[in-house]
Amino acid sequence: MTISICPHCNRRFVSEDGVDFSHECNSRKPVLDNEDILIVGNWTDFTGSGTENNVNMQGSANLLFGTRADIEGEDQESVTRRGVKASTHRQRQHLEFIKLQGGEK
């Protein structure tokens, strides 16, 4: 048995010697436990599936649309906890690949 620390979320875990695996980060901090994925089309992964993002409507997320601030170039959009546009990205659980084979981490 090997006791290691995840380099992403700093949680301690126990694993079998020399076996590589994917660790599901669970630090109870949404910034570390999730990751942002750019939506470019229909998607399917371990979290489920979804529909494509409408590329033509990406600029309409500006909360100041139609105001003087928008005309002057101010762009205020909703963002995720990691600071990327919520209109063009989705969030999913972060899996950190832990390489233990040959004593490497």
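Below, the figures for the structure above:
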quantity: Scope segment 11-57; condition within 21 Å of R81 (Cα to Cα), loosely packed, with under 11 Cβ neighbours inside 10 Å and at pLDDT 85 or above; matching residues; calculated: R28
quantity: Among (1) touching a strand residue (DSSP E or B) at 6+ places or on another chain (Cβ under 8 Å); (2) modelled with pLDDT of 80 or more; (3) not hydroxyl-bearing (S, T, Y), the one test that K105 misses; calculated: (2)
quantity: Some residue of segment 81-98 being among the acidic types (D, E), modelled with pLDDT of 70 or more and touching a helix residue (DSSP H, G or I) at 6+ places or on another chain (Cβ under 7 Å); calculated: no
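The values are calculated or read from the model by the stated rules, or taken from the named source; none is laboratory data. None of the values given here were measured: they were computed from a predicted structure. We place every Cβ from the backbone using ideal geometry, glycine too, and count neighbours over all the protein chains shown.
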